[in-house]
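> First the structure, then my questions, so here it is.
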Amino acid sequence: MRALSPPTIRAAFRGQLGGFKLDAAFTVPATGITGLFGPSGCGKSSVLRCLAGLQHLPASSCEVSGEVWQDDTTFLKPHHRPIGYVFQEASLFQHLSVRANLLYGAPHESVKTHADAVEFDEVIELLGLAKLLERSPRNLSGGERQRVAIGRALLSQPKLLLMDEPLSALDRLTKDEILPFLERLHARLSLPVIYVSHDITEIERLADHLVLMQAGKVLAVGPLAELQSDPKLPLAIARDAAVNFDAEVESYDSNYGLVTLQIDGGRLLVPSAPVASGELRRVRIAASDVSLARELPQASSILNAVAARIVTTSPVGANEMLVVLALGREGHGGRLLARLSRRSWDLLRLAEGVDVYAQIKGVALAPGRDGHA
Amino acid sequence: MTNLPPDIWQPVWLTIELAAITTVILLIVGTPIAWWLARSKAWWKEGIAAVVALPLVLPPTVLGFYLLVLMGPDGPGGALAALWGGRTVAFTFGGLVFGSVIYSMPFVVQPIRNAFDAIGDRPLEVAATLRASPLKAFWTVAVPLARPGFLAGAVLGFAHTVGEFGIVLMIGGNIPGSTKVLSVAIYDYVETSQWREANILAGGMAAFAFVVILTMMMLEKRTARIRA
């Protein structure tokens, strides 16, 4: 064990795959959820299959937490890799009950090993499967099936969970039903996850780290917020650009139904159902919901005006500016995006390095990760 | 029933024994072949598939002729028989089993292969990601999911072995208790104008065939319902 350096997932996959060339290399921490994001057909699912060993590209390498899964001389078969894999379609075994599906990959009672093993009852509770156990997969809804598939993967006691667009085959409502389960998993289990998706809203709610892919190549790797606020990357330029913060609940004002959240470089007031102090929540702030003011606005209905410093700016199209802000009076905090008209930019005589107030019109607060919200 | 020849049922039991042994051997030999045909990516696998399917189109007498050459005193079969002091494997029950296995092979391999094909890669990939070795995945996922294919293969293989005639004549002959099977017995009764006996056996065969086809169709329907 290399105990000192934090565990990482190092992967480099190269080769011709059907119609396109894959050349993807990245290193991400083996903790939290890493989003593998890119347009359909950019090779992200292939990367996941290579990580699982379902696809064998020679001249590639893969190392997880110090264990070599693939290099020039080694190639571990999928069943020798301590992974869990959730496919786009649940792919439950039709000839087995839900319970037998869940237990298919579970080690025998006698070999139950490490202390942080995922318990059967815990998975049942976490994914709400208690009522489904004796049923056949044929009689389950799409969302139920996918929850069973996730539980089945978890109970095989993986050291790395791979999820290949687990929600993309589901309709909007079912997606919203499953996302909270995934958020609870994230909060409760210390299992590293690689999560493939082409849907930025899933990535924004779940991912801690991001691998951005395009046409078989890795465009950028880093913490989610860092990549979201990088004006050179497609995420920040997109019309629905946004940044996410992991916020801590400071207090709750039941009189107005507002929660005070502490984020890196400031405080936010957000309408919410009652929450306990100290709870961690993820918030999303869209670039189009942020406007800038030279002075602290005195009479305004907008709840949040946070001191910030302009870091960089770049034109978007002919008449709009994308502004990257650093929160806090000295600009030491997290990054925020604002999208302004060029006219406002000129009128306020804004420039890089200028101190401003970011007025935030809307903050989206993700539902509680403990599932009680 | 009066005046039935005492040995009229002997060919029936012999036929059932032959068909049962043949079916069991075919399931054991045919399953790996079907698996390989369904899973292999070798370009020449369809060539093997065609060889396996050959008995479907070859006249039984042609097949029987080659089997006779193969099993006769001058062929490998003769060498084999020499091991226990025989001259040939032809005209023995063992030879008949061997011929039946070859002849009925496509009827067993084809449905099982189709069933394996229908399963696709995904369930086996899922099993592998759940730490199942290829062998465990085969027994716990592929075989149960291909069960209708196994049933169809077993039924068809059994029925075809019961019904074969040309090959039996070529390599089996007509030795009571050893190679005189049902179809040959019927032929014999007709030859000797024992129409009543021929009728009993033929009628039994017809009823048997009906039950087989009905079973098959019901299995098909059940499978279709499961897949839906």
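> Check region A:25-32 and report whether any residue there is closer than 30 Å to B:T140 by Cβ, assigned to a loop (DSSP other than H, G, I, E, B) and not acidic (D, E).
Scanning region A:25-32 turns up no residue that is closer than 30 Å to B:T140 by Cβ, assigned to a loop (DSSP other than H, G, I, E, B) and not acidic (D, E).
> Another question about this same structure. Among the residues of region B:112-128, which ones are open to solvent by 20 Å² or more (accessible area, probe 1.4 Å) and either at the interface with chain A (Cβ under 7 Å from one of its Cβ atoms) or part of a helix (DSSP H, G or I) (or both)?
Result: B:R113, B:N114, B:D117, B:A118, B:I119, B:R122, B:P123, B:L124, B:E125.
> Picking from A:R239, A:R267, which residue would you name as being touching a helix residue (DSSP H, G or I) at 6+ places or on another chain (Cβ under 9 Å), basic (K, R) and open to solvent by 30 Å² or more (accessible area, probe 1.4 Å)?
A:R239
> Out of region B:17-47, which residues are open to solvent by 40 Å² or more (accessible area, probe 1.4 Å), of a type in the set (V, I, T) and in contact (Cβ under 8 Å) with a residue 24 or more places away in the chain?
Matches in region B:17-47: B:I21, B:I25, B:V29, B:I33.
> Restricting to region A:267-290, give me the number of residues that are in a strand (DSSP E or B), of a type outside the set (D, E, K, R) and at pLDDT 90 or above.
Residues flagged as in a strand (DSSP E or B), of a type outside the set (D, E, K, R) and at pLDDT 90 or above within region A:267-290 amount to 8.
> Of the residues A:A299, A:A305, which is out of contact with any helix residue (DSSP H, G or I) (no Cβ under 9 Å at 6 or more places or on another chain), surrounded by 14 or more Cβ atoms within 10 Å (Cβ to Cβ) and not in a helix (DSSP H, G or I)? Outline the logic, then answer.
Working: A:A299 fails: surrounded by 14 or more Cβ atoms within 10 Å (Cβ to Cβ).
None of the others qualify; the one that does is A:A305.
> Let me ask another. Only one of these is part of a helix (DSSP H, G or I), among the hydrophobic types (A, V, I, L, M, F, W, C) and either touching a residue at least 60 places away in the same chain (Cβ under 8 Å) or under 30 Å from A:Y85 (Cα atoms) (or both): B:A50, B:A154. Name it.
When all the criteria are applied, what remains is B:A154.
> Now for a different question. If A:L96 satisfies all but one of (1) touching a Pro at 6+ places or on another chain (Cβ under 9 Å); (2) hydrophobic (A, V, I, L, M, F, W, C); (3) at pLDDT below 95; (4) within 20 Å of A:S168 (Cα to Cα), what's the number of the condition it fails?
Only one criterion is unmet by A:L96, namely (4).
> Of the conditions (1) surrounded by fewer than 20 Cβ atoms within 10 Å (Cβ to Cβ); (2) assigned to a helix (DSSP H, G or I); (3) not hydroxyl-bearing (S, T, Y), B:A81 fails just one. Which one is it?
That leaves (1) as the condition not met.
> Continuing with the same structure: Looking for whichever is surrounded by fewer than 22 Cβ atoms within 10 Å (Cβ to Cβ) and within 29 Å of B:P73 (Cα to Cα) here; the options are B:I200, B:I167, B:I171, B:I175. Which one fits?
Answer to the selection: B:I175.
> Also, quick follow-up: Any residue in region A:38-46 that is over 25 Å from the mean Cα position of the chain (by Cα), away from chain B (no Cβ under 14 Å) and not β-branched (V, I, T)?
no
> Taking B:T61, is it out of contact with any Ser or Thr (no Cβ under 6 Å at 6 or more places or on another chain), surrounded by 20 or more Cβ atoms within 10 Å (Cβ to Cβ), among the β-branched types (V, I, T) and at negative phi? Don't jump to the end; show me each part of the working.
Numbers: out of contact with any Ser or Thr (no Cβ under 6 Å at 6 or more places or on another chain): yes; surrounded by 20 or more Cβ atoms within 10 Å (Cβ to Cβ): no; among the β-branched types (V, I, T): yes; at negative phi: yes.
So B:T61 fails the test.
> Say we look at region B:129-164 and pick out the residues that are within 14 Å of chain A (Cβ to nearest Cβ) and crowded, with 24+ Cβ neighbours inside 10 Å; which of these is nearest to B:R87 (Cα to Cα)?
B:G149
> From the set of residues in region A:47-79 that are more than 14 Å from every other protein chain (Cβ to nearest Cβ) and touching a Gly at 6+ places or on another chain (Cβ under 8 Å), which is nearest to A:L219 (Cα to Cα)?
A:S60
> Which of (1) closer than 12 Å to A:L102 by Cβ; (2) touching an Asp or Glu at 6+ places or on another chain (Cβ under 7 Å); (3) not basic (K, R) is the odd one out, the single condition A:L167 does not satisfy?
Exception for A:L167: condition (1).
> Within region A:154-175, can one find any residue that is open to solvent by less than 10 Å² (accessible area, probe 1.4 Å) and assigned to a helix (DSSP H, G or I)?
yes
> To continue, here is another question. If I ask for residues that are of a type in the set (A, V, I, L, M, F, W, C) and under 9 Å from A:A358 (Cα atoms), which ones from region A:268-295 would you list?
A:V290, A:L292, A:A293
> Considering region A:66-86 alone, what residues qualify as being outside any strand (DSSP E or B) and open to solvent by 60 Å² or more (accessible area, probe 1.4 Å)?
The answer is A:D72, A:T73, A:K77, A:H80.
> Could I ask something else about it? Given the criteria closer than 22 Å to A:R205 by Cβ, free of Cβ contacts under 8 Å to residues at least 60 places away in the same chain and either open to solvent by less than 60 Å² (accessible area, probe 1.4 Å) or of a type outside the set (F, W, Y) (or both), does A:P315 qualify?
It is false that A:P315 is closer than 22 Å to A:R205 by Cβ, free of Cβ contacts under 8 Å to residues at least 60 places away in the same chain and either open to solvent by less than 60 Å² (accessible area, probe 1.4 Å) or of a type outside the set (F, W, Y) (or both).
> Could I ask something else about it? Could you grab me the full set of residues in region A:117-160 that are within 14 Å of another protein chain (Cβ to nearest Cβ) and hydroxyl-bearing (S, T, Y)?
Across region A:117-160, the qualifying residues are A:S136, A:S156.
The values are calculated or read from the model by the stated rules, or taken from the named source; none is laboratory data. Everything numeric here is computed off the predicted structure, so don't read it as measured data. When we count neighbours, we look across all protein chains shown, and the Cβ atoms used for this are built from the backbone with ideal geometry, even at glycine. Only protein heavy atoms, including side chains, enter the accessible area calculation; ligands, DNA and RNA are left aside. Shrake-Rupley method; radii C 1.70, N 1.55, O 1.52, S 1.80 Å.
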